[in-house]
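Student: One structure, as structure tokens, below. Some questions next.
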Amino acid sequence: MATDIQVITKFAPAKRTAWKALEAHYRRVRELHLRNLFADDPTRGERMVAHGAGIHLDYSKNRITDQTLKLLIQLAEESGLQARIDAMFRGEKINTTEKRAVLHVALRAPRGASIFVDGVNVVPQVHTVLERMSHFCNRVRSGDWKGCTGKRIRHVINIGIGGSDLGPVMAHEALRHYSDRSMTFQFVSNVDGTAFVEAVRDCDPAETLFIVSSKTFTASETMTNARTARSWLLAGLNGDEKSVANHFVAISMNAADVAQFGIDTRNMFEFWEWVGGRYSLGSAIGLSTMLDIGPRNFLALLDGLHQMDMHFLSTPFERNMPVLMGLLTVWYNNLFGAQTVAVLPYEQYLHRFPAYLQQLTMESNGKHVTAIGTEVTQSTSPIYWGEPGTNCQHSFYQLLHQGTRLVPCDFIVFGRSLNSLGRHHDMLVGNAFAQAEALAFGKTTEEVKAEGIADWLTPHRVFEGNQPSNMIFAERLTPETLGQLVALYEHSVFTQGVTWNINSFDQWGVELGEALAGQIIPELEAMEEPQLAHDSSTNGLIRRYRSLKDAS
Ligand code: F6P
């Protein structure tokens, strides 16, 4: 069996003839307008769809032909996508720079499945932790787990950052409909003290549970907030050190530092090196989610993730939704030079979904070298951004409709509302469909003139159209659907990374700024004027800050 590094080398970008073919093809089709593509093929909207794992994807409003799809799939094949997918699911160390397996798929594998890392089947460990989490959550939710004064837990505060925060926040917001409203949930991530102060403002320490979520238990923001939380708790509970046991739990793979912090490791929920932070929603990092929606719903979330994993693993590329979405992103990113992807959930509960995707997509694929360390020859990750509809229509849609940039859009729509209220849902969905239609087909000069618009105003009223979009459609937002959606994007990211031959699973780019902050913070805090050896701008800013601080 080829090792992953052999697979990576074998499928190096230079060996991919599909890129050349795609470039030639792009030159032929780049001017094609969606108006003509639809007019020439009345079945396009029925043909260019894919379904599976609870999701219906309509990708017909993309600037593609059947030949484009063929070439994109050829690119995936030449990139060794299936071999890379298989390697990931087999537990090979595809995160080559950190020499780690990448097994978020094991977190949602059913009991009885076998996935091996270094000869050990990790699935039983996953289920042991899930059982411990369920037991704990049932105790807290039923009031059996009490604070040190005997009061039940009413406030849960997750302290974490990056993947130890964005998934839990997003899931909390997305699944509010399913949440236990007798408890409040807050998420403290920023080292800005305001985040902590505002989170605990209305909390009684005797009723508050902190979840310190950190894979490494070293992230400086998390550890600073955790120490502040500890002091706040002790100050509110007469300095009773024993209270930490009832009011703190940890999620980490670093048992030594958890113990050192003072959290009983019996109150620690483990996860593993082979779970990347931004892929950790289904791990113990989801403890706040499980507390919020209950173990049964959390298992449904895992099931949704698993359904999409299976779809990704075994569906032919032509019908494989994460593969199609990943390849379409590559098409716009690398051929059209589009710089962004807008994610537009027409579902208020998904308002944090674009923010969550930013780490998933950009920390994964914002890379400048290939997996073998050579400079990439193409652009890598586009910038993901977005806001929920219909609000976004009244902020940035002007640019989408009449600006000068190509912005591929992902609309996310549900057939049924969780809060049906008069005409609201019909209006919401009608807007999503209408916007996708308007973006694709626009409004020509002739159409504007036919409305009797004055000549001088006509150019201002024209919509060029030809803005591509995907319509991601599911029945209803449930924990299961959320899992399907998350895995859809996770695997789209993987597909993109494979075509660029980059390692989507490391994040060395976060280190330099952190290291410099480690130098600058003591310079801001020094009692004596420090000797500064930065550039003149940074030196000046440090001095300015010190003088303002001294004046306060
Ligand atoms: O931003 C860098 C990063 O390492 C992320 O990948 C991770 O999700 C986050 O920091 C938090 O790390 P930890 O869970 O170890 O505190």
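The values are calculated or read from the model by the stated rules, or taken from the named source; none is laboratory data. Note that this is a predicted model, so its numbers are computed, not measured. Cβ placement follows ideal geometry from the backbone for every residue including glycine, while neighbour counts extend to all protein chains displayed.
Student: Can you name the condition, by its number, that Pro168 falls short on among (1) within 21 Å of Met290 (Cβ to Cβ); (2) over 27 Å from the mean Cα position of the chain (by Cα); (3) assigned to a helix (DSSP H, G or I)?
Tutor: (2)
Student: Here is a list of conditions, (1) among the small types (Gly, Ala, Ser); (2) more than 24 Å from Asn95 (Cα to Cα); (3) in contact with a strand residue (DSSP E or B) (Cβ under 8 Å, 6 or more places away or on another chain), and Ala300 meets all of them except one; can you say which number that is?
Tutor: Answer for Ala300: the failing condition is (3).
Student: Then there is this: From Glu446, Glu475, grab the single residue that is surrounded by fewer than 14 Cβ atoms within 10 Å (Cβ to Cβ) and within 30 Å of Ser283 (Cβ to Cβ).
Tutor: One residue alone meets the criteria, Glu475.
Student: Is it true that some residue in the stretch 526-549 is in contact with a Phe, Trp or Tyr (Cβ under 7 Å, 6 or more places away or on another chain) and either closer than 30 Å to Gln82 by Cβ or surrounded by fewer than 24 Cβ atoms within 10 Å (Cβ to Cβ) (or both)?
Tutor: No, that holds for no residue.
Student: I would also like to ask the following. Where the second residue is in a loop (DSSP other than H, G, I, E, B) and at pLDDT 95 or above and the first is closer than 23 Å to Ser547 by Cβ and near the ligand (Cβ under 9 Å from one of its atoms) and lies in the stretch 506-526, which pairs have Cβ atoms under 9 Å and are six or more apart or on separate chains?
Tutor: Filtered contacts from the stretch 506-526: no entries.
Student: Still on this structure: Among the residues of the stretch 402-417, are any surrounded by fewer than 16 Cβ atoms within 10 Å (Cβ to Cβ), more than 16 Å from the ligand (Cβ to nearest atom) and either in a strand (DSSP E or B) or acidic (Asp, Glu) (or both)?
Tutor: So far as the stretch 402-417 goes, no, none of its residues is surrounded by fewer than 16 Cβ atoms within 10 Å (Cβ to Cβ), more than 16 Å from the ligand (Cβ to nearest atom) and either in a strand (DSSP E or B) or acidic (Asp, Glu) (or both).
Student: Sort out which residues of the stretch 28-60 are of a type in the set (A, V, I, L, M) and in contact (Cβ under 8 Å) with a residue 24 or more places away in the chain, and write them in order of number.
Tutor: Val29, Leu32, Leu34, Leu37, Ala50, Ala53, Ile55, Leu57 - these are the residues of the stretch 28-60 that are of a type in the set (A, V, I, L, M) and in contact (Cβ under 8 Å) with a residue 24 or more places away in the chain.
Student: Across the stretch 214-245, what is the total count of residues that are surrounded by fewer than 22 Cβ atoms within 10 Å (Cβ to Cβ), more than 11 Å from the ligand (Cβ to nearest atom) and either part of a loop (DSSP other than H, G, I, E, B) or not basic (Lys, Arg) (or both)?
Tutor: 16
Student: Suppose we keep only residues that are farther than 15 Å from Asn333 by Cβ and among the β-branched types (Val, Ile, Thr) within the stretch 373-400. Which one would you say is farthest from the ligand (Cβ to nearest atom)?
Tutor: Among those that are farther than 15 Å from Asn333 by Cβ and among the β-branched types (Val, Ile, Thr), it is Thr390.
Student: Right, here's the next one. Among the listed residues Val191, Val275, which satisfies the condition of being β-branched (Val, Ile, Thr), assigned to a loop (DSSP other than H, G, I, E, B) and surrounded by fewer than 21 Cβ atoms within 10 Å (Cβ to Cβ)?
Tutor: Result: Val191 is the single residue among Val191, Val275 that is β-branched (Val, Ile, Thr), assigned to a loop (DSSP other than H, G, I, E, B) and surrounded by fewer than 21 Cβ atoms within 10 Å (Cβ to Cβ).
Student: Another question about this same structure. Restricting to the stretch 281-340, what's the tally of residues that are under 16 Å from the mean Cα position of the chain (by Cα) and more than 22 Å from Val105 (Cβ to Cβ)?
Tutor: Total meeting the criteria: 1.
Student: For Thr370, state whether it is buried (at least 17 other Cβ atoms within 10 Å of the Cβ), within 16 Å of the ligand (Cβ to nearest atom) and of a type in the set (Val, Ile, Thr).
Tutor: For Thr370, the condition - buried (at least 17 other Cβ atoms within 10 Å of the Cβ), within 16 Å of the ligand (Cβ to nearest atom) and of a type in the set (Val, Ile, Thr) - is not met.
Student: How about the stretch 151-190: which of its residues are closer than 23 Å to Glu347 by Cβ and among the hydroxyl-bearing types (Ser, Thr, Tyr)?
Tutor: Result: Tyr178, Ser179, Thr184.
Student: Sticking with this one: Tell me whether the stretch 470-477 contains one or more residues that are away from the ligand (no atom under 16 Å from the Cβ), more than 30 Å from Arg296 (Cβ to Cβ) and in contact (Cβ under 8 Å) with a residue 12 or more places away in the chain.
Tutor: yes
Student: Can you confirm whether the stretch 359-367 contains a residue that is more than 12 Å from the chain's Cα centre (by Cα), assigned to a loop (DSSP other than H, G, I, E, B) and surrounded by 14 or more Cβ atoms within 10 Å (Cβ to Cβ)?
Tutor: yes
Student: So which residues in the stretch 61-77 are surrounded by 19 or more Cβ atoms within 10 Å (Cβ to Cβ) and without any contact (Cβ under 8 Å) to a residue 60 or more places away in the chain?
Tutor: Leu71
Student: So the check is Cβ under 6 Å with 6+ separation or different chains; which pairs have a first residue in the stretch 339-362 that's among the charged types (D, E, K, R) and a second one that's part of a helix (DSSP H, G or I) and crowded, with 23+ Cβ neighbours inside 10 Å?
Tutor: Arg352/Met170
Student: Right, something else. Show the residue pairs meeting these rules: Cβ distance below 6 Å; 6+ apart or different chains; first residue within the stretch 253-270 and free of Cβ contacts under 8 Å to residues at least 60 places away in the same chain and outside any helix (DSSP H, G or I); second residue surrounded by 14 or more Cβ atoms within 10 Å (Cβ to Cβ) and of a type in the set (A, V, I, L, M).
Tutor: Correct list of pairs: Gly262/Val244; Ile263/Ala250; Asp264/Ala245; Met268/Ala250; Met268/Val258.
Student: Here is a further query. Just a yes or no: is a residue in the stretch 116-124 more than 21 Å from Gly304 (Cβ to Cβ), assigned to a helix (DSSP H, G or I) and more than 13 Å from the ligand (Cβ to nearest atom)?
Tutor: yes
Student: Of the residues that make up the stretch 140-155, is at least one assigned to a helix (DSSP H, G or I), in contact with a strand residue (DSSP E or B) (Cβ under 9 Å, 6 or more places away or on another chain), touching a residue at least 12 places away in the same chain (Cβ under 8 Å) and away from the ligand (no atom under 16 Å from the Cβ)?
Tutor: Yes: one or more hits.
Student: Restricting to the stretch 157-202, and then to whatever is aromatic (Phe, Trp, Tyr) and farther than 20 Å from Phe217 by Cβ, can you tell me which residue is farthest from the ligand (Cβ to nearest atom)?
Tutor: Tyr178
Student: Let me ask something else about it. In the list Ile293, Ile285, Ile263, which residue meets the criterion of being crowded, with 23+ Cβ neighbours inside 10 Å and over 23 Å from Ala174 (Cα atoms)?
Tutor: One residue alone meets the criteria, Ile263.
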